[in-house]
1. When only Cα pairs under 8 Å and 6 or more residues apart are kept, what is the percent relative contact order across the chain?
2. I'd like the FRET efficiency for ALA653 and ILE314, computed as 1/(1 + (r/R0)^6) with the beta carbon distance as r and R0 of 30 Å, rounded to 0.05.
3. Which one, PHE792, ALA811, LEU844, projects farthest toward the positive side of the charge dipole computed for the stretch 723-868 from Cβ point charges (K/R +1, D/E -1)?
4. Write down the percent of antiparallel bridges among all DSSP beta bridges whose residues are both part of the chain, to the nearest 5.
5. Within the chain, what whole-number % of the accessible surface is contributed by carbon and sulfur, with the 1.4 Å probe and all protein chains included in the calculation?
6. Per residue, how much accessible area does the stretch 69-223 show when a 1.4 Å probe rolls over the protein heavy atoms, in square angstrom?
7. With label points built 7 Å along Cα→Cβ from the Cα atoms of HIS509 and ASN24, find their separation and express it in nm.
8. Does the stretch 12-100 come out rounded, prolate or oblate by the C-alpha gyration tensor, with a ≥ b ≥ c the root eigenvalues, rounded set by a/c under 1.5 and, if not, prolate when a/b is larger than b/c and oblate if not?
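The values are calculated or read from the model by the stated rules, or taken from the named source; none is laboratory data. Note that this is a predicted model, so its numbers are computed, not measured. Cβ placement follows ideal geometry from the backbone for every residue including glycine, while neighbour counts extend to all protein chains displayed. We work out accessible area using only protein heavy atoms, side chains counted, and drop any ligands, DNA or RNA first. Shrake-Rupley method; radii C 1.70, N 1.55, O 1.52, S 1.80 Å.
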Amino acid sequence: MKFKKLLHNEIISELNEFTKEQQNRFPSDEILTIDLHCHDYNSNEPDEIIGRLLTLPESWQESESLINTLRQNGCNALTITNHNNARSCYEMQDRGEDILTGAEFACTVPDFSVGIHVLAYGFTPEQESKLNKYRSSIYKFQEYTYENDIPTIWAHPLYHYKYKDALPLDFFDKMLLLFERYEVLNGQRDTWQNMLVKNWIQGITPQTIDDIAKKTGIKPDTYCRNPYLKSMAGGSDSHMGIFAGLTGTRVHVQGLKVKKETMKNSEMVLEAIKAGNLAPFGTNNSSEKMTVTFLDYFCQVPMHLEDPGLLRLILHKGSPLQKFLAFIVGNGFAELTRHKVTAKFLKVFHECFTGNVPGLKDRIIVPKNYRPIFSEAIKMAETRKNNPPESVRIFDESIYNIFNHLTELLVQRLTAKFKKVGTIDEFKSLRLEGLIRYFEVPSFMRMYTKTNKKKTGNILDFNKFMDGLPFPALASIVIYSASFVSSKVLYNSRGLLKNFAKKLGKLEHPERTLWFTDTFEDTNGVALVLKSMLAEIQKKDLPIDIIVCSSTLKPEDHLIVVPPVAEFTLPFYQQQPVRIPNILEVHRLFKDGEYDKIITSTEGVMGMISILLKNAYSVPAYFYVHTDWMTFIKTNFNVDQHDLNRIRRILRAFYKNFDKLFVLNSDQEKWFQSSAMGFDKSDVFLTAHWAKNYFKPVDIEKNIAFGTTNGDPVILFAGRLSEEKGVMELPAIYTKIKQAHPEAKIALAGRGPAEESLKEAMPDAIFMGWVDHSKLPEVYSAADIMILPSKFDTFGCVILEALSCGLPVAAYNTKGPKDIIEDGVNGFLARSKTQLADFIISYLDDSKAKKNFRKKAIKRAENYNADLIMNRFLHDAGIELN
């Protein structure tokens, strides 16, 4: 799907204008080119806790390789800025290289409890020790650099390390008094973030500095020699070396030709940095560079991974969750090393990223199924070697193509495996209760080491499960993990970026919502509601798009359709096919659509993907609860209380991923706020549905609508003929009604798995099949009363449709029905099937009451107005109208 990409186009235009302006700032014969921010293997202490827990460095890049890449990409001056040390600079200087001493120091701003990164240059080993000593306070750090004439640059100012409250914007005001130089083009950050920093710095005036100084009590010249001169710089921030030198800084050296005779390039660059004679350069970056960086990193982890030790994990600093995640991640990478085909693939992939084209031998032995993957890898290697500026685009395309091919292979292999071993027949006989009891992971360590343990039927054989993961699955996981982590890192401070843009009044992110669902074209209540929702979205042109996975639907305005890579039906829930989309396609679609909010309607595959995207892009996500799964499972499956509690906990764990819940009845509202589910009252919102405008009384005879005598009373049921709808109670209710009104007829509008059983139990019933939605007003208008024996419906759209047509409804006093029906006014609320039958009998006995009930039914339906419901929903969801 093509998007307008309004923000994307704006930032690209601004970037192009900015880089062109910077390119022309200085005479071309007085310029040295340097990447002021790049790393190699001596960045061996990562900021991220999981990396430290697993003893993984941030890079394995050798200094020589990094320098070769920098020179290949046009740098004629060099530095290496590892974390908190300049070891690589000193080592290369000892080997005769002209390297500007540099490092990236992780500093703390104590009064804000936030960590920032500061680039420093031209210091000595002794001064490095002092800088590391003062890292705990940025004020002491900057005071020391000022006193010793060590120039500093605030690296990626909008990316910081803070884990508690949102960072206040006055933090940035204060930092203006501490720094003269700012990294406005960082090759690993997205262009939106870079351009926000650029606009911020360009908007600073001497008056701004004086106002902040007065407010904070800090004199402008306390930490800055030229407090009113703010310089801008650029650096690749490359850790793997792939993109080193593609983003950087052109430094102006007046009289360069003459100075070269007596000064080293590093000395001239240091002077230029101090003077602020800097002009950043670089290209657009969304998440492509960081995805490639993380993918290359993940490819190398299995090649270097060593067991950190369980005791070390337990005793190391970090929360229990961080340690658990480190344990899972470590075991995941360890599994990759055991799978030889995957390990070979990752090694080849890494070599291609560095520009090493696979040899003839490797090409010949590649299996036929993997040749398309290998071809893409070769294309990446050749581009990296021969045309580095095009690397980002080619890498991005090839990674996407490889992921698609791996997904196709995975689906093909799984399908073939099911057919070969006959698992499909076994799968068809599987019941939900058996599945719940089977998929469990033992909590006792002994269960993992037993060699002769008996098959219990309820313990998942973890080792066997992992051994069965084929190469396409493992390789796909690695690729998607890189995309996920890159988005997570880039958009971790999305809230800050939005607030920052709002403060600047520039480059504000669009307010757009993507609504996820697993069902849309299907014949169920959720699909009908979403179709009505789409109609309102289209009519009002709301900033909301609905996304669904389907092989039959066609996209339309505000409806995005992604094709499934696999589609199947679960044996215990056959009424709804499971459709699995290409997750990387959906991931990219979310970015390209410039969405900043998620709503989800289903707990299936699309629901799980929405949780992934919420965490990847750091956006709020809300869940619209359509279905009461507890009642559904209790009604349809043979599960005991223990299994029901497990299901409740699974549902709770799922829903807890969302920031707000929208529910359709007061019972649900109370349940989610109870101790069983543990949601705060402020996070649960009551909403409702509405009936379409064509649901209104129609003048029609019963003989036309039902083929029966006009004088015969007709009790109507409309909906799916399945057990969870309570339809198996209809025969007993109908029998009792017939005893009082022998001429009464029951009509059933709908189909479902219980249809044949109902035909046997009620041979004189009228089975109408599925009635087109637009024809239902005629059916409602012709009937005398509707019966809804379901205890499962969270709302009951059919109730609202019936009331809109003047048809009273008899239902159970539960969930959705009791919130809509006014008992004894426009319908009846019963507590048993006997009472349900009695209510209908008394209603049919009183011809005078019928007319009054019909009027009150229409009046009640008028309260469910689409505009009012939508406006309230949009307000509660924080969605602003265009």
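1. It comes to 8 percent, rounded to a whole number.
2. After rounding to 0.05, the efficiency reads 0.80.
3. Looking along the dipole axis, the top candidate is LEU844.
4. Bridges in the chain that DSSP calls antiparallel: roughly 35 percent.
5. C and S fraction of accessible area: 52 percent.
6. Accessible area per residue: 37 Å².
7. For HIS509 paired with ASN24, the spin-label model returns 3.4 nm.
8. oblate
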